[in-house]
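Read the structure below first, then the notes.
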Amino acid sequence: MKRTLFGLAILLVSCNSSQPTVSENSTETKALDPVPYANTITEQDLKTHLYTYASDEFEGRETGTPGQKKAIAYLKAAYEELGIPAAKKDGDYFQKVPLAVSKVPEGSITIEGKTYNISADFVTMAKAIYNSDEIVYAGYGIQTENYSDYNGLDVTGKLVLVKSGEPKNSEGNYIISGNQETSTWSNMSESIGLRSKAAFDNGAVGLLYYDPVNYPRFKQYYTYMKTNNSGKMELKAAVKEYFLVLLNDDMVKAILPNIGTIDQTQTIKKSITLDIKSTDDTIDSENVVAILKGRTKPNEYVVLSSHLDHIGVSADGQINNGADDDGSGSVALLELAQAFKKAKDEGHGPERSIVFLHVTGEEKGLLGSKYYTDFDPIFPLNQTVVDLNIDMIGRIDPKREGNRNYIYLIGSDKLSTELHELSENINEKYMQIELDYTYNDENDPNRFYYRSDHYNFAKNNIPIIFYFNGTHEDYHKPGDTPDKINYDLLRNRTQLVFYTAWEIANKPNRLVVDKAE
């Protein structure tokens, strides 16, 4: 089923034209009952939106593609028809997010006169032109508040070699954790980024990384990118002249043969030349941002977020529609906007401002939300009260047992005890959805807390809740289509977000952050 933007306009007008309008300055004293507004969030409205937003016409909404441009046009049209203005002062709903794609590099590395080739002996996604007569070995390459392999090392302008794993003390405990448990420096998804940051922060020009357990995974990723003629997408503002190279066993032996048993940092006197070349393409993409101004606290902001993109078209031509990921969150935001706008039109607008933030590039590395928080926050982060992030709320996790009317909550207690308690109380009062905290566990191997757009707010000590139904057999596959969405659950979960946002937006004091890092 396909609907045009003109059809959307008719739908939205019909949904709102009959609603009475009361001035925001009305002295009428009515109980602020949110239920009538929550009830405007319906299965049919969500379904109508999603059958368009996740249709073949939008070509999987991959960042920077024509399909993504259709998606942002759809979102803009929806906010215009609702009468909710753009967040930017110039009236533009689009926040430009400049991106760069580094094509898969090609080249070689020569060590003591012997040449090693990319893919066969090492992998990297960065260009690197460099030569030196020494390499600095920094052990595990770890740097924390209480431990650092960089103490006493000068790596400014130099090439650094590190290995995976963590050091132990004489009692057999890991030094970082102080017990038998490894830390995030051993987590496959995070450790590589942590080591890269530590090397870069200490002035290194590049990092050679030896991780024999996970090297096959990195090589597989390189091969996939090469086969599909893809490249690594980054924010242009964040691109740095820095490279990361992952080494196989043969290359490490050529540099430091006994690396597995050597923890002591040292300077290795060996010649090395990197001749790895790549080209960059520029891609323009956009976040879509609208705002409903608060009545009495307009300069305090409740952010409701979802990502507008998906993974596009597969190499075999199949469209990955992304109905659940994250079409469900995108259309949920539109229904939330309609509910809050109806309240405002009837004189019950929220005390704080509500920001509707649809971000691009989530599938490429949380790029749109990172640009918003790290480079161009439209509204000050220190005046941002919370981010309620919606990413996949239309399906059921097949691994989960029990009540189908559930939602995974992640992060509600990470920064604010008050937010967690408020969330629990609101759910009990209005929805009675089973709140499942399985993926909120610090030891969750999936690390979902770090894998959606809320994290860029959380790292800035802004309280967050991540609403998530879990993965399923159609995750990142062509089978993620609108007909497989459970629209009753999508409605319930969206209403839960509404009630939670309503409470936060209207409470006398902003949320207390008592667990800031």
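Computed from the coordinates by the stated procedures, all read-outs in this text should not be read as laboratory data. Please read these numbers as outputs of a predicted model, since none were measured by experiment. Reconstructed Cβ throughout: ideal geometry from the backbone, glycine too, with neighbour counts over all protein chains shown.
Which loop-located trypsin sites (Lys or Arg not before Pro) does region 221-298 contain, where loop means any DSSP state but H, G, I, E or B and the Cβ has at most 10 other Cβ atoms within 10 Å?
Listed in order of number, the matching sites are Lys240, Lys269.
Give me the number: length gained by fully extending Asp316 to Thr223, i.e. 0.36 nm times residue separation minus the C-alpha to C-alpha distance, one decimal in nm.
Stretched out fully, the Asp316 to Thr223 stretch lengthens by 31.8 nm.
Please report Rg over Rh for region 105-277, where both radii come from the alpha carbon positions and Rh follows the Kirkwood definition.
0.95
In degrees between 0 and 90, to the nearest 10, how far off the longest principal axis of the chain does helix 215-227 point, with axes built from Cα atoms?
For helix 215-227, the angle is close to 70 degrees.
Would you order Met392, Met125 from fewest to most other beta-carbon atoms within 10 Å of each residue's own beta-carbon?
Least to most surrounded, the residues fall as Met125, Met392.
What label, among (i) 25.9; (ii) 24.7; (iii) 23.4, belongs to Kirkwood radius over Cα pairs in Å computed from the structure on display?
Computed from these coordinates, Kirkwood radius over Cα pairs in Å corresponds to label (ii).
Once R0 is set to 25 Å, what does the formula 1/(1 + (r/R0)^6) return for the Cβ-Cβ distance between Asp514 and Thr261, expressed as a FRET efficiency to the nearest 0.05?
Here the calculated transfer efficiency is 0.05.
Normalising by the residue count of region 87-146, find the relative contact order in percent from Cα pairs under 8 Å and 6+ residues apart.
21
Once you have a ≥ b ≥ c as the square roots of the Cα gyration tensor eigenvalues for region 198-274, tell me rounded if a/c is under 1.5, and otherwise prolate or oblate according to whether a/b is larger than b/c.
Since a/c reaches 1.5 but b/c is at least a/b, the shape of region 198-274 is classed as oblate.
Stretched out fully, how many nm does the piece from Glu145 to Asp56 gain, at 0.36 nm a residue minus the Cα gap?
Value of the extension gain: 27.1 nm.
Which FRET efficiency, nearest 0.05, do Asp249 and Lys484 yield, Cβ-Cβ r, R0 45 Å?
0.50
Wrap a convex hull around the Cα atoms of region 59-135, take a quarter of its surface area, and give that in square nanometres.
9.3
Can you give the FRET efficiency for Lys88 and Ala238, using 1/(1 + (r/R0)^6), R0 = 30 Å, r = Cβ-Cβ distance, to the nearest 0.05?
0.90
What angle do you read, to the nearest 10 degrees and between 0 and 90, between the alpha-carbon axis of helix 5-16 and the longest principal axis of the chain?
Computed tilt is about 50 degrees.
Just tell me which lysines come within less than 17 Å, Cα to Cα, of Lys236; anything on the same chain fewer than 8 places away is out.
Reachable lysines: Lys96, Lys103, Lys127, Lys364, Lys370.
When the Kirkwood hydrodynamic radius is evaluated over all pairs of different C-alpha atoms of region 290-444, what value in angstrom, to one decimal, is obtained?
17.4
Using DSSP to define loop residues, name the chymotrypsin sites (Phe, Trp or Tyr not before Pro) in region 208-243 whose beta-carbon has at most 10 other beta-carbon atoms within 10 Å.
Sparse-neighbourhood loop chymotrypsin sites (Phe, Trp or Tyr not before Pro): none present.
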